[in-house]
2 protein chains.
Amino acid sequence: MVTNPTWVQALKESGRPGSKCLELEREKSNVNVDKLACLLHTNAVLERNNRLLKILQDDPVFDKSQNYFRGRDERIKAALARGKRLRQLSVQHNWTKEEYHAANELISEPTPYGLHASMFLVTLREQGTPEQHELFLKKAENYEIIGCYAQTELGHGSNVRGLETTATWNPDNQTFTLHSPHLTASKWWIGSLGKAANYAVVMAQLIINGKSYGPHPFVVQVRDLKTHEPLENIYVGDIGPKFGYNTMDNGFLLFNQIKIPHVNMLARFSRVDPKTSKYMRPSNPSLVYGTLTWVRSNIVLQSGSVLARGVTIAIRYCSVRRQFTDRDAPEDEVKENQVINYTMVQQRLFPLLAATFALHFTGRGMIALYDANQAVMNKRERGGGSADVGQLSRGPGPEELNPGADLLADLHATSCALKAHASTVAGEGLETCRRACGGHGYSSFSGLGSWYADYLPTLTWEGDNYMLTQQVSRYLLKSARAVLENASKNGNFDANLGDNDTTRILKNYRRRQDMGAAFDVLGNDEELVEAFAWRTAYLTFEALRHRDEEKRSWNSLLVDFYRLSTAHAQYMVVKNFYGALFSSSLQSSLPKPTKEVLHQLFRLYSLHTLEREASEFFQSAACTVRQIQLARTKSVPQLLEQIRPHAVRLVDSWMFPDWQLDSSLGRYDGNVYEDMFKRASEDNPLNKVIFDPYPDSDVLFKKDERSISKSKL
Amino acid sequence: MVTNPTWVQALKESGRPGSKCLELEREKSNVNVDKLACLLHTNAVLERNNRLLKILQDDPVFDKSQNYFRGRDERIKAALARGKRLRQLSVQHNWTKEEYHAANELISEPTPYGLHASMFLVTLREQGTPEQHELFLKKAENYEIIGCYAQTELGHGSNVRGLETTATWNPDNQTFTLHSPHLTASKWWIGSLGKAANYAVVMAQLIINGKSYGPHPFVVQVRDLKTHEPLENIYVGDIGPKFGYNTMDNGFLLFNQIKIPHVNMLARFSRVDPKTSKYMRPSNPSLVYGTLTWVRSNIVLQSGSVLARGVTIAIRYCSVRRQFTDRDAPEDEVKENQVINYTMVQQRLFPLLAATFALHFTGRGMIALYDANQAVMNKRERGGGSADVGQLSRGPGPEELNPGADLLADLHATSCALKAHASTVAGEGLETCRRACGGHGYSSFSGLGSWYADYLPTLTWEGDNYMLTQQVSRYLLKSARAVLENASKNGNFDANLGDNDTTRILKNYRRRQDMGAAFDVLGNDEELVEAFAWRTAYLTFEALRHRDEEKRSWNSLLVDFYRLSTAHAQYMVVKNFYGALFSSSLQSSLPKPTKEVLHQLFRLYSLHTLEREASEFFQSAACTVRQIQLARTKSVPQLLEQIRPHAVRLVDSWMFPDWQLDSSLGRYDGNVYEDMFKRASEDNPLNKVIFDPYPDSDVLFKKDERSISKSKL
């Protein structure tokens, strides 16, 4: 470590110290941080996180001080060490799955065990038979084998049906032959495969007697359990550096006619009868379907806290940073203004602050719906609902579901719309936060760049955010068609109790379409929510007209579908935020001033969205041009001003420990500049090097003390 | 290097090879790539670049194959080696400044000599006296001293007047004392300072007799010319890793009472009389002011080609990549669709393709205006224009300029608006390109992530993109006030020949405001341009009303100002693109089909912008809601379809050599997957390592062959 000269050590920051700035911010607001934090996380979770944090912070393996300086090889080495230690601690402290994942969140970087601990175990558990659990799952749970989930290929991502890897059934010896017929068949992007895994669940086209039955999961050993060298005729390795996520060993995998026994095809849902070579159909594909919905709902929930990290950093730093005097201030005013006082900064950050809560409550709402739905499904599966299940099994798309399953279909569509929208908002929001920090946002020490870069894959995986909007639109069009058919039968658009929310809003729109809406979006919260519903319904029937009446091609409507899905997602967010706000749990647990600020955040989120998407709101006549102008020029600016004093306390309530944020700019205590300077000067290994600066000399470094520090890893 | 197994070497990609895809794309279009390339670059530049490329490609120092794998320390070491070699080649081949910079563009990464070769030399040249040229500039030009430009501080970026570093005049011994009174006074972000420079031009508050005269430039030696160790009482080093730009040694710098002689204050424009200790005022600050305008105009010009790199990669890859069959295709259709055929992909990429040309022509227009203005200024300075210059010297802001200098003020405001807008469009556009490449866009081998990350500082430097919009608005408000005053004097809003374009469009709006506009935006190009002008004028007078009549605070209008500046920039881009399209040089040099495609790009850029910013267009009554709907549902989709066959040839015309792009996805020959695979497997040093995968073992790597490869650097 470099030590700064004593005269440098004696220097202070100029003007009001950052620590004082944040202190004053916290004094100004009466938001109850503890109660709000408890509402967001529960006290049990906060206590658990503190306990885990203590363990991790004390362990040198998890020391973060060199994270930002390391190159990929050093980072992945450290991540491997951390992954191992995490598992050791997990055993030692007898952690639950939740505790293990919470510890990983505090470390905030993926480890090479990431996909083993999630998708590999989950897939074995959910798609394996009891015999397969015995064979593979137990060893995997004990880390005797390390696995991954190998689906995506070099040539195929979103289109799973187009996968090229084949698994051909050999009736003679009751084996499957795994094979990669082309270069583009190479498995690609597979987390934990590049260096760590010795097993993989491989999605491959099942072929029996020359006929293809689509992609199915196979358990395949890929590396020797002792030497960890690839097995013969298997080519496996790391796919190289990425924009982020570089502590993960995403890998590639090719098979040259690899034989595996019959038992290696995961057979809970579908299987090959070894005697007859007959393919046995999946008994209940909707369960798999449910898992995807669950995963997407969790992405929605996480998007709130993912974004909250960025907003926490940006709001704290913008409260510490001062730049320029106010233009309307008296001439002799020399004190510079806190950056957060500028309306242009507020306009960028506060809607995102509102979005953190909006997305969080929406994710919670999604998961509650999912749980309710699972309960119904399980009841049906156990009880007399076999007819439903039978119909469900006809096909995997939501359009195939019978009316009894419309909650599931609605949930699926909503989870698609929200996954796409929430992760886009979070990803792009993080970049907005980074830029709002000015030049220093670009430093690695802001903690924003790496967090953004690591998060970006979420916009692509579990359904590409653009692709997903087609599924949402398909569902909305189908619902709209059903509404029209129903009305032509019954002669009206009356909603009934059996309707789900989508059907309700579509009927409501048709009923009132000719009267007009006349929502009081500025004065009445409920009508504000209804205006969002109205816009979704309007866009749905517009798209339906293009498709069914004008017979436009599907491809020509993709842009409309994207807009439609986004509108639907925004409606869901507004509706969920509103619902959470007036839920009994929130109303009973928060003091009045805190509730008031949350209410302002709800209005800001809604009205800011409304004015950003103005043209769809006025085209649908959900509101007038005048209302939009008023939202823009009066309501939003007023809300920004009302929220301003509470900004720091609101981000405090997310309760990110400094250790987790790992950000000079986002420090709880506001000691931004000292921290920045310490990292740059004392922690920075490049400062142990001396250049030879003259171009006519081929010597590069006159002195290089880094070899010493490097060997310490 | 790893060698792939022979059975892997034998594998081909499935379906139609990427090379064939691009071949067919090129056959489909009659865009004349060579003539369009010549229009964009001139043949002389294309030939020069080919010559330089040959030299660089043949030199092992510039080998790019390990770029994406290297950590920061290795990258900066390679960049130093490259910077040295570049200088050696420059001497050897007697390169001009332009050739040196062109070579650097082909290498496409900053070197530690970046700021020496630009700002250090420029500042010494422009702000130094002949005596100072002799003392400093000559040595700098010969690389006997290596310098940088040290302005930004830890606590101050945009607000230059708030800089804390002081330079106090000592009349006794005719020296200045440079001092950093606080930690926040530390120079920060200074390119080439961290490790390479031994000199710096330091911006510091000049203090004479206890009175501050604002920031001035001082030449300061910071490191020993032999040992390259920091001089005593100077603390200097690298500020650590960043989101991008990691081949540059951005540095920090603190002074503890450092004395420098009188001659070290750059004195062309202002100086301290050593005998009387009197401060001599700058004779012509507008020259400095001109430099900023020139720098910004160049950012505008570059933004086109910066974005074109991303668009080239995305359009080529989306033409190679196939995913899903068309939903409306017959059931038995198994051939997957080229991704570029999906309208959602076109909607994201083609407006950016149009923007590359729009921004390029706008940048060219700006530079032409700048040159014309410089000619006028120089004539005035030499001729009888001393009255003007005298008035110019009263202050640095555009509001201080007399009517004779209104071209300069207009140019300055336009360069601010366009710098902010163009760099935002390019930066955000690159990320759109990356995402349009799906999962593989996230791989470093896409070449998009690093290019985006390296470009991002442009959105902050040379005037933060949000801050700049205030300067633009200040100018537009001032112009609007002048228009109103003038009209109240003359009784009408008639334009006269002396008007600049801004005055013309403001008058035009006021004249026709009550009649309404009724622009034929869909049928008439000229009126389409006028609709953009109308919107700018509308927003200007709206903002003026808020400020002057409603007496709203400056701060409360910042969001409106941002919108206003963006609108003005978009008008300038549309206008310049239109002007270039019908310029005689373009009309005479391109064959008709190529001109037609460019015309479609102009319309796409304009109409896509119009429908995205719909609410401002209809609020200003520049067009009707119906026109916007038609633009969205008819014109834009039709233009996408028309441009589709020409997409690949259009990006070809930017003529980026593969070596420059360094992208698997953007290869000219379309061999995307082979290249991706080769880099991941054979070039990837992580594949020389074998993990010990079991968490209960503390061994991390069983085998590590990287040490051998590393020592090669």
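The values are calculated or read from the model by the stated rules, or taken from the named source; none is laboratory data. Here the structure is a predicted model, which means the values were calculated and not measured. Neighbour counts run over all protein chains shown; Cβ positions are idealised from the backbone, glycine included.
For (1) charged (D, E, K, R); (2) surrounded by fewer than 16 Cβ atoms within 10 Å (Cβ to Cβ); (3) touching a residue at least 24 places away in the same chain (Cβ under 8 Å), each residue gets a yes or a no:
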{"residue": "B:K507", "(1), (2), (3)": "yes, no, yes"}
{"residue": "B:R511", "(1), (2), (3)": "yes, yes, no"}
{"residue": "B:D520", "(1), (2), (3)": "yes, yes, no"}
{"residue": "B:V529", "(1), (2), (3)": "no, no, yes"}
{"residue": "B:W534", "(1), (2), (3)": "no, no, yes"}
{"residue": "B:R545", "(1), (2), (3)": "yes, yes, no"}
{"residue": "B:S553", "(1), (2), (3)": "no, yes, no"}
{"residue": "B:S556", "(1), (2), (3)": "no, no, no"}
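Within segment B:596-652, if we keep just the residues that are away from chain A (no Cβ under 12 Å) and of a type in the set (D, E, K, R), the residue that is surrounded by the fewest Cβ atoms within 10 Å (Cβ to Cβ) turns out to be B:E596. Among residues that are crowded, with 24+ Cβ neighbours inside 10 Å, out of contact with any Phe, Trp or Tyr (no Cβ under 6 Å at 6 or more places or on another chain), farther than 24 Å from B:H599 by Cα and not assigned by the TED database to the domain that holds B:W534, B:S664 is not included.
When you check B:P695 against the structure, is it farther than 20 Å from B:Q66 by Cβ, in contact with a Phe, Trp or Tyr (Cβ under 7 Å, 6 or more places away or on another chain) and of a type outside the set (A, V, I, L, M, F, W, C), yes or no? Please lay out each step first, then the result.
Values: farther than 20 Å from B:Q66 by Cβ: yes; in contact with a Phe, Trp or Tyr (Cβ under 7 Å, 6 or more places away or on another chain): yes; of a type outside the set (A, V, I, L, M, F, W, C): yes.
In short, yes.
Take A:S443 and decide whether it is under 18 Å from the mean Cα position of the chain (by Cα), polar (S, T, N, Q) and closer than 22 Å to A:N684 by Cβ.
Details: under 18 Å from the mean Cα position of the chain (by Cα): no; polar (S, T, N, Q): yes; closer than 22 Å to A:N684 by Cβ: yes.
Against the criterion (under 18 Å from the mean Cα position of the chain (by Cα), polar (S, T, N, Q) and closer than 22 Å to A:N684 by Cβ), A:S443 does not qualify.
Of the residues making up segment A:669-677, at least one is in contact (Cβ under 8 Å) with a residue 24 or more places away in the chain, surrounded by fewer than 16 Cβ atoms within 10 Å (Cβ to Cβ) and within 28 Å of A:N104 (Cβ to Cβ). Taking into account only those residues within segment A:57-68 that are part of a helix (DSSP H, G or I) and in contact (Cβ under 8 Å) with a residue 24 or more places away in the chain, which is surrounded by the fewest Cβ atoms within 10 Å (Cβ to Cβ)? That would be A:Q57. If the condition is being surrounded by 21 or more Cβ atoms within 10 Å (Cβ to Cβ) and within 7 Å of another protein chain (Cβ to nearest Cβ), then segment B:236-270 contributes B:G237, B:D238, B:I239, B:G240, B:P241, B:K242, B:F243, B:F252, B:L254. List every residue pair whose Cβ atoms lie under 6 Å apart, where the two residues are 6 or more positions apart in sequence or sit on different chains, the first residue falls within segment A:416-431 and is acidic (D, E), and the second residue, located anywhere, is assigned to a helix (DSSP H, G or I). Once the first residue is acidic (D, E) and sits in segment A:416-431, its partners that are assigned to a helix (DSSP H, G or I) give A:E431/A:Y452. Restricted to segment B:431-453, and to residues there that are assigned to a helix (DSSP H, G or I) and of a type in the set (S, T, N, Q), the residue that is nearest to the other protein chains (Cβ to nearest Cβ) is B:S444.
If I ask for residues that are within 10 Å of chain B (Cβ to nearest Cβ) and small (G, A, S), which ones from segment A:665-686 would you list? Those that are within 10 Å of chain B (Cβ to nearest Cβ) and small (G, A, S): A:A680, A:S681.
May I ask you to list the residues in segment B:582-594 that are assigned to a helix (DSSP H, G or I) and surrounded by 19 or more Cβ atoms within 10 Å (Cβ to Cβ)? Matches in segment B:582-594: B:T594 only. None of B:K35, B:K54 is of a type outside the set (G, A, S), touching a Leu at 6+ places or on another chain (Cβ under 6 Å), more than 10 Å from chain A (Cβ to nearest Cβ) and surrounded by fewer than 17 Cβ atoms within 10 Å (Cβ to Cβ) except B:K35. The condition (being in contact with a helix residue (DSSP H, G or I) (Cβ under 8 Å, 6 or more places away or on another chain) and within 14 Å of another protein chain (Cβ to nearest Cβ)) is satisfied by just one residue among A:W554, A:W534: A:W554. Within the set B:S488, B:S446, B:S479, B:S473, the sole residue that is of a type in the set (S, T, N, Q) and free of Cβ contacts under 8 Å to residues at least 12 places away in the same chain turns out to be B:S488.
So for segment B:119-139 (the condition being in contact with a Ser or Thr (Cβ under 9 Å, 6 or more places away or on another chain) and buried (at least 19 other Cβ atoms within 10 Å of the Cβ)), does at least one residue qualify? Scanning segment B:119-139, I find at least one residue that is in contact with a Ser or Thr (Cβ under 9 Å, 6 or more places away or on another chain) and buried (at least 19 other Cβ atoms within 10 Å of the Cβ), so the answer is yes.
Yes or no, residue by residue, for (1) within 19 Å of the chain's Cα centre (by Cα); (2) over 20 Å from B:N198 (Cβ atoms):
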{"site": "B:F69", "(1), (2)": "no, yes"}
{"site": "B:A78", "(1), (2)": "no, yes"}
{"site": "B:V91", "(1), (2)": "no, no"}
{"site": "B:L106", "(1), (2)": "yes, yes"}
{"site": "B:G114", "(1), (2)": "yes, no"}
{"site": "B:F120", "(1), (2)": "no, no"}
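Residues that are assigned by the TED database to the domain that holds B:M515, under 25 Å from B:T503 (Cα atoms), modelled with pLDDT under 95 and small (G, A, S) do occur in segment B:602-615.
B:E542 meets the stated requirement of being within 14 Å of chain A (Cβ to nearest Cβ) and under 22 Å from B:A614 (Cβ atoms).
Against the numbered list (1) crowded, with 18+ Cβ neighbours inside 10 Å; (2) in contact (Cβ under 8 Å) with a residue 40 or more places away in the chain; (3) within 11 Å of chain A (Cβ to nearest Cβ), B:V689 comes up short only at (2). Criterion applied to B:A78, B:A117 was being within 11 Å of another protein chain (Cβ to nearest Cβ), at pLDDT below 95 and part of a helix (DSSP H, G or I), and the one residue passing it is B:A117. Assessment of segment B:377-385 against the conditions (modelled with pLDDT under 90, farther than 24 Å from B:L477 by Cα, among the hydrophobic types (A, V, I, L, M, F, W, C) and crowded, with 16+ Cβ neighbours inside 10 Å) yields at least one matching residue.
Considering the conditions (1) out of contact with any Phe, Trp or Tyr (no Cβ under 6 Å at 6 or more places or on another chain); (2) in a strand (DSSP E or B); (3) within 9 Å of chain A (Cβ to nearest Cβ); (4) in contact (Cβ under 8 Å) with a residue 60 or more places away in the chain, B:W188 is excluded by exactly one of them, (1). When A:L231, A:L193, A:L206 are screened for being more than 28 Å from the chain's Cα centre (by Cα), more than 9 Å from chain B (Cβ to nearest Cβ) and touching a residue at least 60 places away in the same chain (Cβ under 8 Å), only A:L206 passes. On the basis of being at pLDDT 90 or above, assigned by the TED database to the domain that holds B:G579, under 19 Å from A:V160 (Cβ atoms) and surrounded by 23 or more Cβ atoms within 10 Å (Cβ to Cβ), does B:R316 make the cut? Judged against the criteria, B:R316 is not a match.
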